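The values are calculated or read from the model by the stated rules, or taken from the named source; none is laboratory data. Since the model is a prediction, treat every value here as computed from it, not as a measurement. No Cβ is skipped: glycine too gets one built from the backbone with ideal geometry, and neighbour counts run over all protein chains shown. Ligands, DNA and RNA are stripped out before the accessible areas are found, and what is left, the full protein with its side chains, is counted by its heavy atoms. Shrake-Rupley method; radii C 1.70, N 1.55, O 1.52, S 1.80 Å.
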Amino acid sequence: MKRKIIDIDEEKCTGCGLCIPDCPEGALQIIDGKARLVSDLFCDGLGACIGTCPEGAICVIEREAEPYDEKAVMAEKIVPQGEAVLRAHLEHLLGHGEMELYRQAVEYLTANAIPIPKHEIAEVAGVCPGSAARSLSRADTMDRERAARTESELRQWPVQLKLLNPRASYFEGADLLISGDCVPFAYADFHRDFLRDRIAIAFCPKLDTDIDGYVAKLAEVFSQHAVRSITVLHMEVPCCSGVRYVVDRALERSGKEVPVNEYTVTLQGRAEEGSLVRRRTPPE
């Protein structure tokens, strides 16, 4: 049958093994210094391993493959690893909306008198981790908001990467802010702390389809202009880490060395400093 399944670019893979923990189904192993897909039967094609590959060596393709066998995975890979892995696997299925596979997993556990561990259901059922519905408690900030109005720090238009002209003059000598689409909604002081004195570029690595085109466009920006620095902002959800992946691939393609400073924004609205290429002073 033709279905979605993991594909590994052997030339890009360094054998670091970071993808292995994110595949509790046991479809991946490090063999001869490379990550390998060892069984079509064990790969569900949902791509949980993609976000942890620092080289961008893993992707999901569609090809002829043996059908994924949930009950075989439960028997041979999940249950023997214990309750924590079993819980993570159930939440993984729910998080990607795989209700039929989830039903098969629970059916296997029930038939074999294996206790079903407590796991997240209502919050994540039917959606991936990046779009899981959840409520975020906030302190009452109405009085503070009324007391001080934040002015826009936007210096150019458009901001969406798909619409940007790589030859635009405002890129010359610029400090770039490259952000996931959702970041400004989560980080309250986005304009003051990050956008001020920077040129903004925004896109969504999950929903936008032309990622290779984005890499090419950013590479053209880097190649044609003397960019001073890059600040990367992305949400903590796994899919959003693709923002940094696009930036890194574009820099490689352009052959330029530009200081990069990365921040991960939590759903609670905090900005946590991440990996760096030559450190840049963070916002005050």
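Accessible area per residue for region 60-104 in Å², computed with a 1.4 Å probe and the full protein assembly in place, what is it?
Value for region 60-104: 50 Å² per residue.
Place a point 7 Å from the Cα of residue 172 along the Cα-to-Cβ direction; which residues of region 219-237 have their backbone N under 11 Å from it?
225-226
So which lysines pass the test for residue 77, namely a Cα distance under 30 Å, with those fewer than 8 places away in the same chain ruled out?
Counting by Cα, and skipping residues close in sequence, residue 77 has these lysines nearby: 2, 4, 12, 34, 118, 206.
Given the options 176, 205, 158, identify the residue whose Cα lies farthest towards the positive end of the charge dipole of region 143-260 (+1 on Cβ of Lys, Arg; -1 on Cβ of Asp, Glu).
Among 176, 205, 158, the one farthest towards the positive end of the dipole of region 143-260 is 158.
When only the heavy atoms of the protein chains count and the probe is 1.4 Å, how do 235, 99 rank by accessible area, highest first?
99, 235
Return the equivalent ellipsoid semi-axes of region 198-256 as a descending list in whole Å, where each equals the square root of 5 times an eigenvalue of the C-alpha gyration tensor.
They are 19, 13, 10 Å, listed from largest to smallest.
What is the local net charge at residue 202, summed over the other residues whose Cβ is closer than 15 Å to its Cβ (Lys, Arg +1; Asp, Glu -1)?
Local charge sum for residue 202: +2.
Where the centre of each part is set by its Cα atoms, how far does region 24-85 sit from region 174-240, in angstrom?
Using only Cα atoms, the two centres lie 31 Å from each other.
Per residue, how many Å² of accessible area does region 165-224 show with a 1.4 Å probe?
In whole numbers, region 165-224 has 45 Å² accessible per residue.
Over region 1-75, with every protein chain in place, what whole percent of the accessible area is carbon and sulfur at 1.4 Å, could you tell me?
Reported share for carbon and sulfur atoms: 50 percent.
Going Cα to Cα from residue 217, which aspartates and glutamates come in below 19 Å? Please leave out same-chain ones fewer than 8 positions away.
Candidates past the 8-residue exclusion: 172, 175, 181, 208, 248, 252, 257.
Keeping all protein chains in position, work out how much accessible area residue 119 exposes to a 1.4 Å probe, and write it in Å² to the nearest 10.
Approximately 40 Å² for this residue.
Contact order normalised by length for region 185-249, with contacts defined as Cα pairs under 8 Å and 6 or more residues apart; what percent is it?
The value is 40 percent.
Mind giving me the FRET efficiency for residue 20 and residue 197? R0 is 41 Å, r the Cβ-Cβ distance, nearest 0.05 is fine.
E(calc), rounded to 0.05, equals 0.45.
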